[in-house]
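Heads up: the structure comes next, in structure tokens.
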Amino acid sequence: MMDSQDMIGGLRGLCLIVTARRAVPFLPETVKNVFRDAVTSLVIPFASDAGAFVGIDSSFLVQTLESMASLSDDEFYTPQAFNLQLSLFSGEPFPSYPFVSEKGAEPTALAKPFLETSRNFLHAAIRLRMQASVNSPLSPFLSQTISFLATIWGPGPAADSMARATVVDVASDVLLSNHDLASRLDDSLMLAQANAVLNALRNVIDIINR
């Protein structure tokens, strides 16, 4: 399913960003250790809960991420490899932007792939949830997503602001693009599930202000 692949791709991109933010100096051995730690201690625990929220097999997400953490090719952990991938996640693949060098990362430039990747991940998760037979409330997942994204970016008020803005942006976008959903969806059960998600998104400002 394309949406589940988009969700995995988003988690992979966030693994790259947290690594770029934390790995100093940005040398293969350091990067490898930071990347593996980010995957196992930060992203996998969140992915387990996210899978349950969207109604897909959490073990599938975990196994995919675990296979990423086991990558041993040093070429993957070089500045050149990260810069190419981060540029792709930014939607600007060629030429790749020098987000990282051996000395570390350029924080302001990294905001672009962070915001794009966060947005794409959450979009995919919401789309999956709209198609799933899951009845758990939306609020805990969105709150957890804000905390997760803020942790990915790192300490400071900017992280929380960017995470909250991402959630509002996605909620607004989903509402605007699905205003005519009833005319496009014939399955009454799926429509009811999707409408439950849309109704929750209408209250997203209240959710994130708690």
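Quick look at the numbers
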item	result
Separation of alpha-carbon centers, the stretch 143-210 and the stretch 15-55, rounded to whole Å	23
Mean residue ellipticity (222 nm) of the chain, computed from DSSP H runs ≥ 4 via -39,500 (n - 2.57), nearest 500	-23000 deg cm²/dmol
Shape box of the stretch 1-160 [Cα atoms, principal axes, largest first, Å]	47, 32, 29
Two-site FRET efficiency, residue 196 against residue 2, from Cβ-Cβ distance with R₀ of 22 Å, rounded to 0.05	0.45
Rough spin-label spacing in nm, given labels placed 7 Å along Cα→Cβ, for residue 52 and residue 144	0.6
Using alpha-carbon coordinates, inclination of helix 28-37 to the longest axis of the chain, degrees	30
Helix axis angle, 107-131 relative to the chain longest principal axis, alpha carbon, degrees	30
Ranked by how many other beta carbons lie within 10 Å on average, peptides 37-45, 100-108 from highest	37-45, 100-108
Positive dipole terminus of the stretch 1-106, leading residue within 68, 24, 8 (C-beta point charges)	24
Rel. contact order, % - alpha carbon contacts under 8 angstrom, at least six apart, the chain	24
Gyration tensor (Cα) of the stretch 109-210, equivalent ellipsoid semi-axes in angstrom	27, 14, 11
Computed lengthening from residue 172 to residue 133, 0.36 nm per intervening residue step minus Cα-Cα distance	11.8 nm
Two-site FRET efficiency, residue 106 against residue 76, from Cβ-Cβ distance with R₀ of 35 Å, rounded to 0.05	0.95
Three-way shape label, the stretch 49-131, alpha-carbon gyration tensor, a/c 1.5	oblate
The stretch 135-145 - phi-based ³J(HN,Hα) in whole Hz, Karplus 6.51/-1.76/1.60, Gly and Pro as x	10, 5, x, 6, 3, x, 5, 5, 5, 5, 5
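Just so you know, all these numbers are worked out from the coordinates, no wet-lab data involved. Fair warning: this is a prediction, and the values are worked out from it, not measured in the lab. We place every Cβ from the backbone using ideal geometry, glycine too, and count neighbours over all the protein chains shown.
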